[in-house]
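Working notes, structure below.
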Amino acid sequence: MRRQADVAARAEGYGVEGVSLDGNDVFAVYAAVEAAVDKARKGKGPTLIEAKTYRLGDHSMRANLPEYRSDDEVEEWVQRDP
């Protein structure tokens, strides 16, 4: 089974435009949403926007789970967080 790198690429199979972007780039997100809203308001259909980002919080609130990321990795992403 081939793995799809971008969820947005699956939109084509539904006849929908798909856009994949850096979810930490507020300007790119704004531009993509602005374009999608404009397109939709003109009656030209929906847009699937895939904003890729990094989850800073843990998967679970359970305190007994082992650490799975280094502090350096998390700090690197904290610095990129808009």
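General remarks:
- Percent of alpha-carbon pairs separated by more than 20 Å within the chain: 52 percent
- Carbon + sulfur, % of accessible area of the chain - ligands and nucleic acids excluded, 1.4 Å: 53 percent
- Exposure of Lys39 as accessible area (Å², to 10), given a probe of 1.4 Å and all protein chains: 40 Å²
- Taking each DSSP H run with n ≥ 4 as -39500 (n - 2.57) and averaging over every residue of the chain yields -10000 deg cm²/dmol at 222 nm.
- Solvent-accessible area per residue in the chain equals 83 Å², computed with a 1.4 angstrom probe and all protein chains kept.
The values are calculated or read from the model by the stated rules, or taken from the named source; none is laboratory data. All values reported here derive from a predicted model rather than from experimental measurement. These accessible areas exclude ligands, DNA and RNA; they are computed on the full protein's heavy atoms, side chains included. Shrake-Rupley method; radii C 1.70, N 1.55, O 1.52, S 1.80 Å.
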